[in-house]
1. In this structure, is V77 touching an Asp or Glu at 6+ places or on another chain (Cβ under 8 Å) and under 23 Å from G164 (Cβ atoms)?
2. Taking only pairs six or more apart or across chains, which ones have beta-carbon atoms under 8 Å, a first residue in the stretch 145-173 that is in contact (Cβ under 8 Å) with a residue 24 or more places away in the chain and among the aromatic types (F, W, Y), and a second residue that is outside any strand (DSSP E or B) and surrounded by fewer than 18 Cβ atoms within 10 Å (Cβ to Cβ)?
3. Checking the conditions here, which among Q104, Q118 is at pLDDT below 95 and over 24 Å from I166 (Cα atoms)?
4. Of everything in the stretch 167-221, what is among the hydroxyl-bearing types (S, T, Y) and in contact with a Pro (Cβ under 8 Å, 6 or more places away or on another chain)? Give them in sequence order.
5. Looking at the stretch 197-212, I want the residues that are within 24 Å of A28 (Cβ to Cβ) and have a partner that is of a type in the set (S, T, N, Q) and assigned to a strand (DSSP E or B) with Cβ atoms under 6 Å, at least 6 apart or on another chain. Which pairs are those?
6. For a quick check of your reading: which strands (runs of 3 or more DSSP E) sit entirely within the stretch 26-141 and have at least 1 residues that are touching a Phe, Trp or Tyr at 6+ places or on another chain (Cβ under 9 Å) and more than 26 Å from N183 (Cα to Cα)?
7. Pairs, please: C-beta under 7 Å, at least 6 apart or cross-chain, first residue over 22 Å from G167 (Cα atoms) and in the stretch 57-73, second part of a strand (DSSP E or B) and among the hydrophobic types (A, V, I, L, M, F, W, C)?
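The values are calculated or read from the model by the stated rules, or taken from the named source; none is laboratory data. From a predicted model like this one, the values you see are computed outputs, not experimental measurements. Glycine also receives a Cβ, built like all others from the backbone with ideal geometry; neighbour counts cover every protein chain displayed.
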Amino acid sequence: MSTSADIVIPYITLRQNEEAESFLMLCARMEDDRQSRLAYMDEDREDRDLHGVLWSRVSQSLGADRLPTGDPRWKLVHPSRQRETMLRLRCQVCFASTKAVRRQAPEPAGVLFLQTAQSDLGKPVRTWQPPVCVEHAQLAAARCPHLGREGHVALLARRYRLYGVIGTPHALACDGVRVLAGNDTPIPYGDPRLRWFLASQLVRELSDFEAVDLAELTPAT
């Protein structure tokens with residue numbers, strides 16, 4: 001989290017001076033199994049996650065405290081910071097660990113996620129909204145364009161496995177690499193389409209959760 005002129009800027013928000021890598025740096029690479037896949041020309045191990053999926057490169061502007069600096073681009077999310085908060089279950093606003101919360105003892109504790117009010121809450125729910133701490137849940141709902149426009153529902157989840165990613169599909173063309181039309185449908189890990197996919201957000205699958213009132217929640221001790 002950072003503050004500019006008393007405005008709290010969520011950790012995952014993209015900043016004005018952070019830019020995506022040039023499309024021209026993408027190429028096709030032949031793997032040991034003799035299949036081609038999307039790659040960066042100067043790729044290093046940080047460009048892929050543990051499942052081998054290539055991630056969108058976007059520069060980061062960080063201060064001495066290792067927190068983002070610069071004016072916010074409110075409608076955009078930084079891919080690396082979204083991935084980091086989702087992977088480590090950190091608050092998308094302040095980057096603090098999302099301590100397990102509960103409504104009241106002796107109910108089991110869980111981790112808090114926010115979804116749009118129009119979400120289908122049939123189980124499981126797949127989300128690319130990183131978790132939030134109790135303190136910043138209302139702020140996260142107000143700062144997110146989708147949640148602010150469509151309303152939100154709070155989900156207290158007790159199972160939240162990594163599912164896959166959303167991003168942009170690509171294909172091999174006669175003149176190199178071309179971008180394909182995509183959408184926000186999550187692609188599960190293990191899907192062969194991920195060989196030619198540039199991920200931008202990590203997705204978790206919530207399979208044990210309940211809708212809760214934020215006012216009722218307290219950190220579990």
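1. For V77, the condition - touching an Asp or Glu at 6+ places or on another chain (Cβ under 8 Å) and under 23 Å from G164 (Cβ atoms) - is not met.
2. Y160/L89; Y163/Y189
3. Details: Q118 fails: over 24 Å from I166 (Cα atoms).
Exactly one of Q104, Q118 is at pLDDT below 95 and over 24 Å from I166 (Cα atoms), namely Q104.
4. Answer for the stretch 167-221, where residues must be among the hydroxyl-bearing types (S, T, Y) and in contact with a Pro (Cβ under 8 Å, 6 or more places away or on another chain): S200, S207.
5. Taking only residues 6 or more apart or on different chains, the pairs are L198/T168.
6. Details: elements: 26-30, 36-40, 72-77, 111-116, 125-127.
Filter on the stretch 26-141 gives 111-116.
7. P68/L62; T69/L62
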